[in-house]
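The values are calculated or read from the model by the stated rules, or taken from the named source; none is laboratory data. What you see is a predicted model, and the numbers here were worked out from it, not measured in a lab. Don't worry about glycine lacking a Cβ; one is built from the backbone with ideal geometry, like all the others, and counts go over all protein chains shown. Only protein heavy atoms, including side chains, enter the accessible area calculation; ligands, DNA and RNA are left aside. Shrake-Rupley method; radii C 1.70, N 1.55, O 1.52, S 1.80 Å.
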Amino acid sequence: GLLRRTRRRRCLTAMHADAPSAGEAKTRGKAFADGPCLSRLLSLLDLFRAFDADANATASIDVAQLGPLAKTFVTDARKDLEKAVNAHLSVDLTEKKTGVLGLSSEKKKPLTNAHVRKLVEAVETQLAKPGLFDYDTIMQKVVEGCKRVLKDVVGKHVEAVAKDIGDIKVNSIAASGADFMVQYEVSFMASAAEKTISYPNLDSLGEGHVKFVMENYQLGRKCEGRTRRDLYLWCFDRTCHEITHILQGIAEQKDKHGYAMSAEHDASIGAYSLLWAISKDSRLKALFPPGFAAEVLHKTVSDDLWSSAKWSDDVRKEYLKWRESFGLEPPSDKTCEDNVLVSSFCGRISADYFTQDAKEMALIFERVFKNRKGDVYQVKVEPPKAVCRGIDVLV
């Protein structure tokens, strides 16, 4: 939805809370640890697809049948997941036969899909509590990681980026109190002029904003717990999109198309690859436990696939024309005016061009920034088609 890619570039005043007491800090620290753990449990439980299966059948995950991202998640995070299901749900993650995962009760009895449904609902309820995610620290750390990667990858092509990228900062959006502003206050936004990425902290904004996101942008099961948890995941991939918009400003790129569809293309094409790259930063190890980058991307790419599956044939043709022209042949005005469609275009191209290879990611950003100062429509750019493997190979 709109949360993915807002094209309004505004900077709203940050909200500054008073410093917590020692006791409050300790309590808050535990909550911040519980949030990501519960999020991982929800990611695991969703892989059982219990709501789509026979309620009385034994719940299971055939790892061999998972896509690459989901498989990486459950494989790399296996030890963490075993501890989490036991600590939070009082069940065990088992391997009934090679490569087939299940859950069992304390009495070693396999759980059915009906049992897993109840576990999903229990985790969703726990995630509905405010204060489980340290959105502010996450945003700061993700941006710092992006700056370290992009200073080298883009800075080698644009001297101003190498010089000014360190000035980029984050800003928590403050609630204005006006109902018509809610749709903007729950968006991730970039101000190139102020070198600021603004983001929604749902704990600061309040229940009205949570409800708006849930009713308008939430995919799949709609509940407050998933809304708060999804915002946590969006802090990673949305940020990788928005920081590129700021670099476009630093590089003095101009998109004169009324809907800035070249700028949206260029901010999207390397976003998921950048997320993968920063997950390898040793300074962000605490932020990216084993399998976490794959977990975030599996959820995000699955949403992208679901959204793009709803396109009409004409819209699909417009997307392919846009993608194959490196964003220089925009879709129709009708499509550009539909923010949901624009969002799905951006997500889809992020997934189509996703790569774990650092050299391929560098090639993407080279095409975006090398020798592209001024009007971006003046120079034809050859898309790095070898990197475009498509979304279907990921999920």
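If you take the residues in the stretch 197-234 that are of a type in the set (Ser, Thr, Tyr) and farther than 25 Å from residue 169 by Cβ, which one is modelled with the lowest pLDDT?
Per the stated criteria, the residue is 217.
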Selection count where residues are among the aromatic types (Phe, Trp, Tyr) and not in a helix (DSSP H, G or I), scope the stretch 126-179: 1
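Can you tell which of 141, 147, 169, 79 is in contact (Cβ under 8 Å) with a residue 12 or more places away in the chain, of a type in the set (Lys, Arg) and open to solvent by less than 70 Å² (accessible area, probe 1.4 Å)?
Details: 141 fails: open to solvent by less than 70 Å² (accessible area, probe 1.4 Å); 169 fails: open to solvent by less than 70 Å² (accessible area, probe 1.4 Å); 79 fails: open to solvent by less than 70 Å² (accessible area, probe 1.4 Å).
It is 147.
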All positions within the stretch 261-301 that are touching a residue at least 60 places away in the same chain (Cβ under 8 Å), under 12 Å from residue 361 (Cβ atoms) and of a type outside the set (S, T, N, Q): 269, 270, 271, 272, 274, 276, 277, 278
Condition check for residue 128: in contact (Cβ under 8 Å) with a residue 40 or more places away in the chain, aliphatic (A, V, I, L, M) and open to solvent by 50 Å² or more (accessible area, probe 1.4 Å): no
Condition met for residue 372 (surrounded by fewer than 18 Cβ atoms within 10 Å (Cβ to Cβ) and under 23 Å from residue 329 (Cα atoms)): no
Sole exception among (1) without any contact (Cβ under 8 Å) to a residue 40 or more places away in the chain; (2) charged (D, E, K, R); (3) within 19 Å of residue 153 (Cα to Cα) for residue 370, by number: (1)
Single match in 252, 329 (criterion: over 14 Å from the mean Cα position of the chain (by Cα), free of Cβ contacts under 8 Å to residues at least 60 places away in the same chain and under 18 Å from residue 377 (Cβ atoms)): 329
Scope the stretch 111-125; condition open to solvent by less than 30 Å² (accessible area, probe 1.4 Å) and either under 19 Å from residue 34 (Cα atoms) or in a helix (DSSP H, G or I) (or both); matching residues: 113, 116, 119, 120, 123, 124
Some residue of the stretch 89-110 being touching a strand residue (DSSP E or B) at 6+ places or on another chain (Cβ under 9 Å), surrounded by fewer than 18 Cβ atoms within 10 Å (Cβ to Cβ), within 30 Å of residue 351 (Cα to Cα) and among the acidic types (Asp, Glu): no
Any hit, the stretch 344-356, residues being surrounded by fewer than 17 Cβ atoms within 10 Å (Cβ to Cβ) and of a type in the set (Lys, Arg): no
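Considering 64, 84, which residue is out of contact with any helix residue (DSSP H, G or I) (no Cβ under 6 Å at 6 or more places or on another chain) and in a helix (DSSP H, G or I)?
Going through 64, 84 in turn, just one is out of contact with any helix residue (DSSP H, G or I) (no Cβ under 6 Å at 6 or more places or on another chain) and in a helix (DSSP H, G or I): 64.
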